[in-house]
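Everything on this sheet refers to the single structure shown next.
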Amino acid sequence: IGEQVSLKCYFKSSSPITESLTVDWTYLPLTGGQMETIFHYQSVPYPTTVGKFKDRISWAGNVAQGDASIAIQSPAITDNGTFICSVKNPPDV
């Protein structure tokens, strides 16, 4: 609590990495409710601009090295939940 936390996500692709590669991070609260997209990456990072993670998520990955990790600043107990990393590198999904 209170310190930056890294959420690691590593991937391998049979296709070359291009600008078409996308990374989506979604979050489902521990208490249930709506799944929400909290981070999107396509050539550049697009952290969420709404919700509880606004201004708290930063890109920590390097897609050229198969890394799609993010970092969350000032995590709290209320952030508990399921975080899902989805990487698509067309035509490889």
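Backbone amide hydrogens, once placed in the peptide plane, bring residue 81 within less than 5 Å of 30, excluding anything fewer than 5 places away on its chain. Normalising the average separation of contacting C-alpha pairs (under 8 angstrom, six or more residues apart) by the number of residues puts the relative contact order of the chain at 42 percent. In terms of accessible area, using a 1.4 Å probe and ignoring ligands and nucleic acids, 3, 36 rank largest first as 3, 36. Separation between the residue 17 and residue 80 pseudo-spin-labels, each 7 Å from Cα along Cα→Cβ, expressed in nm? The two pseudo-label positions are separated by 3.5 nm. Dipole magnitude for the stretch 4-88: computed about the Cα centre from +1 point charges on Lys and Arg Cβ and -1 point charges on Asp and Glu Cβ, it is near 80 debye. Straight-distance candidates among the lysines for linking to residue 8, with alpha-carbon spacing under 17 Å and chain neighbours fewer than 8 residues away dropped: 88.
Relative to its Kirkwood radius, the Cα radius of gyration of the stretch 4-88 gives an Rg/Rh of 0.97.
The values are calculated or read from the model by the stated rules, or taken from the named source; none is laboratory data. This one's a predicted model, so the numbers in the text were calculated from it and none came from an experiment. Cβ atoms come from the backbone with ideal geometry, glycine included; neighbour counts cover every protein chain shown. Protein only, heavy atoms only, side chains kept; ligands, DNA and RNA dropped before computing areas. Shrake-Rupley method; radii C 1.70, N 1.55, O 1.52, S 1.80 Å.
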